[in-house]
Amino acid sequence: MLLEAHQLTKTYGRIQACTDICLSLEEGQVFGLLGPNGAGKTTLVKIFLGLVYASSGEAFIQGQPVGSCRARKNTGYLPELFRLYEWLSGFDYLRFSARLYSVPVRKERQAIDRSLEMVGLLGREKEKIRGYSKGMQQRLALAAALLHQPALIFLDEPTSALDPVGRRDIRDLIARLQSSGISLFLNSHLLSEAELTCTHLGFIKQGQLIATGSIKEFMQPGQSIRLEIEETTPEVLELLNSSGKLISYEGSTLTLQVENREEIPSLVAYLVQEGIRIYGVQEGSRGLEEVFIGFMQE
Amino acid sequence: MRYIIGLTCQEIINKRILHLGMVLTVLFMAFYGIGLHYIVQQPGVHSSAYLFVVQQAGYQMLFLGWFCCTFLMGTMAILMGAGSISRELETGTILNLASRPLSRNSIILGKYLAYGLMSLIYTMVLTGSVGLLASHFFHLHIVPAQLFWGLWLFSLLPLLLLAVTTYCSTAHSTLAAGVTGFMLFAVAIIGGFIEQIGAMMNNAAMVKIGVITSLLLPTDAAYRLAVHHILGSIPMGSAEMTMSPFGVASLPSTWAEVYIFAYLAVLLLFTLLHFSNRDL
């Protein structure tokens with residue numbers, strides 16, 4: 001097991017940032033931890049890296065207790081709020097990082113060039129970091145997380161400072177890293193990003209991990225339909241909630257869960273019979289957004 | 001730890017405040033030297049009638065110069081130490097270090113040693129230059145070996161302030177750490193003055209006040225010990241030593257040196273413990 005956590009709990013006074021978190025990650029997996037702001041995602045990653053101490057519970061990376069130098073030796077980390085030493089050049093920053101990770105001096109240049117190439121910064125490494133754009137700094141921070149070829153990389157909002165092209169590049173990079181056997185632990189608000197890159201997902205809400213599993217498990221159960229109705233009244237919501245079909249709603253648009261295509265006409269007929277005026281029906285597969293909102297509204 | 005020392009030294013060298021500090025230090029030295037030059041150029045100053053007065057003036061100028069140096073050294077140490085950890089915590093750059101396979105102790109010790117090394121060099125050059133300038137203009141009797149040992153003792157002053165502010169920096173904001181450092185330094189200075197004036201006036205209560213403030217922060221004790229070591233040939237209680245509160249009318253006990261080193265060790269230990277156990 002690459003990463004395992006048993007009943008990790010972190011409290012700040014009366015606030016429980018994480019409660020009884022149990023999860024495991026195997027080699028080659030890309031694990032996406034999804035949850036709203038303040039759910040405890042970053043705290044959990046910080047516990048795994050030894051930056052924050054758990055109040056109770058334990059976790060291990062490759063059998064080593066988290067927080068130990070041995071556990072950190074084989075991990076990389078891209079923080080959400082990354083700030084680099086701006087007086088250094090990109091190259092100097094990576095060389096400093098390589099030395100902290102004990103990359104042999106004779107392999108240093110090769111490792112730096114490889115990670116620069118991976119993040120698309122090769123040729124810009126001699127410039128001072130203070131001259132880099134935010135996106136370039138994020139790429140550089142990512143290069144530092146990659147250069148010692150760790151077994152597990154923690155990426156906390158890895159594309160938060162990137163433009164759409166940069167995001168696509170990082171998605172491609174994640175796919176390449178995964179194919180080379182590196183596991184990733186991804187914290188992201190961008191569900192589309194998680195849907196495209198993750199093999200496994202975990203949903204965290206108010207510090208509690210409410211569901212984990214492979215992405216296929218979450219995307220499999222049924223399809224969805226979008227209905228345009230006249231008005232979303234409390235009565236309509238009550239009716240749909242009692243039927244267990246409602247995934248989400250926004251204004252007069254409802255997203256409902258159906259088991260299969262054949263169920264759609266009967267569901268629409270039932271709603272019409274209940275007095276709901278339907279102006280449009282659109283069939284769609286159940287996206288990660290619906291899954292996410294479904295968990296968060298539970 | 002050596003990479004942290006290297007990184008911190010590089011950071012200090014890249015800071016504009018350091019460049020400004022260096023320029024102002026050179027200005028200080030220039031004005032000090034020019035001042036000494038004009039004193040000894042006064043007409044009739046070399047006559048035998050004035051010899052004693054000039055010698056006294058020379059010692060007082062030397063003490064004044066060294067005392068000004070303590071301000072410069074202290075300010076530099078406080079400014080460096082106050083932000084050493086808290087600034088990294090505030091900006092988030094600490095994650096560049098703490099998430100790597102590196103113990104937190106090595107982060108603290110690496111930073112303290114780097115700042116300490118810079119303070120040591122600065123103190124040696126600054127106080128040594130003041131000593132040599134005054135000695136040159138007034139032909140003061142300073143033994144090189146004693147000067148060297150005295151400069152080491154002078155260096156304890158910024159090291160103490162650095163230890164205090166580094167400790168505060170692991171627990172509080174940069175501003176709070178800086179304010180704490182300056183306030184304690186001010187208390188130690190005023191306590192030192194009261195002690196010296198008390199010794200001149202044979203007032204035991206005033207001397208005790210100085211001893212108590214030295215227990216709180218023994219920077220003044222380090223200063224007096226350094227002056228005493230360098231000018232060891234001048235007897236205690238002489239006019240040179242007791243003419244102003246910058247001299248050594250009241251010499252700290254022999255245990256003061258032990259106390260300073262114990263103070264440093266305990267404070268560093270507390271800093272390591274506090275930083276190792278806190279969430280980042």
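Remark: pairs (first residue in the range B:169-191, in contact (Cβ under 8 Å) with a residue 60 or more places away in the chain and of a type in the set (Val, Ile, Thr); second residue part of a helix (DSSP H, G or I) and surrounded by fewer than 20 Cβ atoms within 10 Å (Cβ to Cβ); Cβ separation under 8 Å; 6+ apart in sequence or on different chains) = B:170/B:274; B:174/B:87; B:174/B:90.
How many residues are hydrophobic (A, V, I, L, M, F, W, C) and surrounded by fewer than 21 Cβ atoms within 10 Å (Cβ to Cβ) if we restrict to the range A:134-176? Talk me through it step by step, then tell me what you get.
Just the residues of the range A:134-176 that are hydrophobic (A, V, I, L, M, F, W, C), to begin with: A:136, A:140-147, A:151-155, A:161-162, A:165, A:170, A:173-175.
If we keep only those that are surrounded by fewer than 21 Cβ atoms within 10 Å (Cβ to Cβ) too, we end up with A:136, A:151, A:161-162, A:165, A:173, A:175.
Of the residues in the range A:134-176, 7 are hydrophobic (A, V, I, L, M, F, W, C) and surrounded by fewer than 21 Cβ atoms within 10 Å (Cβ to Cβ).
Being more than 14 Å from every other protein chain (Cβ to nearest Cβ), among the β-branched types (Val, Ile, Thr) and surrounded by fewer than 21 Cβ atoms within 10 Å (Cβ to Cβ) is the requirement here; does residue B:75 meet it? Considered against the rule, which asks whether it is more than 14 Å from every other protein chain (Cβ to nearest Cβ), among the β-branched types (Val, Ile, Thr) and surrounded by fewer than 21 Cβ atoms within 10 Å (Cβ to Cβ), residue B:75 comes out as yes.
Residue by residue, here is whether (1) touching a residue at least 24 places away in the same chain (Cβ under 8 Å); (2) more than 14 Å from every other protein chain (Cβ to nearest Cβ); (3) more than 23 Å from residue B:73 (Cα to Cα) holds:
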{"site": "B:165", "(1), (2), (3)": "yes, yes, no"}
{"site": "B:198", "(1), (2), (3)": "yes, yes, yes"}
{"site": "B:221", "(1), (2), (3)": "yes, yes, no"}
{"site": "B:264", "(1), (2), (3)": "yes, yes, no"}
{"site": "B:275", "(1), (2), (3)": "yes, no, yes"}
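Given the criteria farther than 27 Å from residue B:87 by Cβ, of a type in the set (Ser, Thr, Tyr) and surrounded by fewer than 17 Cβ atoms within 10 Å (Cβ to Cβ), does residue B:253 qualify? Criteria met by residue B:253. Answer with yes or no whether residue A:283 is surrounded by 14 or more Cβ atoms within 10 Å (Cβ to Cβ) and either among the charged types (D, E, K, R) or assigned to a strand (DSSP E or B) (or both). Spelling it out, it is not the case that residue A:283 is surrounded by 14 or more Cβ atoms within 10 Å (Cβ to Cβ) and either among the charged types (D, E, K, R) or assigned to a strand (DSSP E or B) (or both). Scanning the range A:177-215 for residues that are in contact with a Gly (Cβ under 8 Å, 6 or more places away or on another chain), more than 23 Å from residue A:47 (Cα to Cα) and surrounded by fewer than 17 Cβ atoms within 10 Å (Cβ to Cβ) gives a single hit, A:181.
Where residues in the range B:125-134 are among the aliphatic types (A, V, I, L, M) and surrounded by fewer than 22 Cβ atoms within 10 Å (Cβ to Cβ), which of them is nearest to residue B:72 (Cα to Cα)?
Initially, the range B:125-134 is screened for residues among the aliphatic types (A, V, I, L, M), giving B:125-126, B:130, B:132-134.
Okay, now just the ones that are also surrounded by fewer than 22 Cβ atoms within 10 Å (Cβ to Cβ), so B:125, B:132-133.
Working: B:125: 12, B:132: 18, B:133: 17 Å.
Per the stated criteria, the residue is B:125.
Within the range B:1-38, being away from every other protein chain (no Cβ under 14 Å), farther than 22 Å from residue B:79 by Cα and either in contact (Cβ under 8 Å) with a residue 24 or more places away in the chain or outside any helix (DSSP H, G or I) (or both) holds for B:32, B:33, B:35, B:36, B:37. State all residues of the range A:246-275 that are small (Gly, Ala, Ser) and buried (at least 17 other Cβ atoms within 10 Å of the Cβ); if no residue qualifies, say none. The one that is small (Gly, Ala, Ser) and buried (at least 17 other Cβ atoms within 10 Å of the Cβ): A:248.
Just for the range A:24-75: of the residues that are outside any loop (DSSP other than H, G, I, E, B) and touching a Gly at 6+ places or on another chain (Cβ under 6 Å), which one is nearest to the other protein chains (Cβ to nearest Cβ)? Here the answer is A:41. Quick check: anything in the range A:81-91 closer than 30 Å to residue A:1 by Cβ, in a loop (DSSP other than H, G, I, E, B), within 8 Å of chain B (Cβ to nearest Cβ) and in contact with a strand residue (DSSP E or B) (Cβ under 6 Å, 6 or more places away or on another chain)? Scanning the range A:81-91, I find no residue that is closer than 30 Å to residue A:1 by Cβ, in a loop (DSSP other than H, G, I, E, B), within 8 Å of chain B (Cβ to nearest Cβ) and in contact with a strand residue (DSSP E or B) (Cβ under 6 Å, 6 or more places away or on another chain), so the answer is no. Candidates in the range A:34-87 are the residues that are of a type in the set (Phe, Trp, Tyr) and surrounded by 19 or more Cβ atoms within 10 Å (Cβ to Cβ); of these, the one that is nearest to the chain's Cα centre (by Cα) is A:77.
Condition check ((1) part of a helix (DSSP H, G or I); (2) modelled with pLDDT under 95; (3) surrounded by 20 or more Cβ atoms within 10 Å (Cβ to Cβ)) across all residues:
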position: B:136; (1), (2), (3): yes, yes, no
position: B:154; (1), (2), (3): yes, yes, yes
position: B:167; (1), (2), (3): yes, no, yes
position: B:181; (1), (2), (3): yes, no, yes
position: B:187; (1), (2), (3): yes, no, no
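For residue A:161, the conditions (1) under 23 Å from residue A:109 (Cβ atoms); (2) modelled with pLDDT under 85; (3) hydrophobic (A, V, I, L, M, F, W, C) are fulfilled apart from (1).
If you go through the range A:94-112 one residue at a time, how many are at the interface with chain B (Cβ under 8 Å from one of its Cβ atoms), touching a residue at least 24 places away in the same chain (Cβ under 8 Å) and under 17 Å from residue B:95 (Cα atoms)? Show your work before the answer.
First pass over the range A:94-112, keeping only residues at the interface with chain B (Cβ under 8 Å from one of its Cβ atoms): A:96-97, A:99-102.
When the remaining residues are screened for being touching a residue at least 24 places away in the same chain (Cβ under 8 Å), the result is A:97, A:101-102.
Add one more test, that the residue is under 17 Å from residue B:95 (Cα atoms), and what stays is A:97, A:101.
Total satisfying the criteria: 2.
Scanning the range B:78-124 for residues that are surrounded by fewer than 21 Cβ atoms within 10 Å (Cβ to Cβ) and either at positive phi or acidic (Asp, Glu) (or both) returns B:90, B:92. Applying the condition of being within 22 Å of residue B:12 (Cβ to Cβ) and of a type outside the set (D, E, K, R) to the range A:113-133 and asking which residue is nearest to the other protein chains (Cβ to nearest Cβ) yields A:129.
The condition (being surrounded by fewer than 20 Cβ atoms within 10 Å (Cβ to Cβ), in contact with a Pro (Cβ under 6 Å, 6 or more places away or on another chain) and over 24 Å from residue B:264 (Cβ atoms)) is satisfied by just one residue among B:197, B:142: B:197. Among the residues making up the range A:263-298, those that are modelled with pLDDT under 85 and small (Gly, Ala, Ser) are A:284, A:285, A:287, A:294.
Among the residues of the range A:272-298, the ones that are in contact (Cβ under 8 Å) with a residue 12 or more places away in the chain, under 20 Å from residue A:234 (Cβ atoms) and polar (S, T, N, Q) come to 1 in all. Among the residues of the range B:39-53, are any among the hydroxyl-bearing types (Ser, Thr, Tyr), assigned to a helix (DSSP H, G or I) and surrounded by 17 or more Cβ atoms within 10 Å (Cβ to Cβ)? No; the residues of the range B:39-53 include none that is among the hydroxyl-bearing types (Ser, Thr, Tyr), assigned to a helix (DSSP H, G or I) and surrounded by 17 or more Cβ atoms within 10 Å (Cβ to Cβ). Is there a residue being in contact with a Ser or Thr (Cβ under 9 Å, 6 or more places away or on another chain), assigned to a helix (DSSP H, G or I), crowded, with 18+ Cβ neighbours inside 10 Å and not aromatic (Phe, Trp, Tyr) anywhere in the range A:218-239? No, there is no match, as no residue in the range A:218-239 is in contact with a Ser or Thr (Cβ under 9 Å, 6 or more places away or on another chain), assigned to a helix (DSSP H, G or I), crowded, with 18+ Cβ neighbours inside 10 Å and not aromatic (Phe, Trp, Tyr). The one condition from (1) more than 10 Å from every other protein chain (Cβ to nearest Cβ); (2) out of contact with any Cys (no Cβ under 9 Å at 6 or more places or on another chain) that residue A:12 does not meet is (1).
The values are calculated or read from the model by the stated rules, or taken from the named source; none is laboratory data. Here the structure is a predicted model, which is why all the values come from computation and not from measurement. Positions of Cβ are generated from backbone atoms using ideal geometry, with glycine treated the same way; all protein chains shown enter the neighbour counts.
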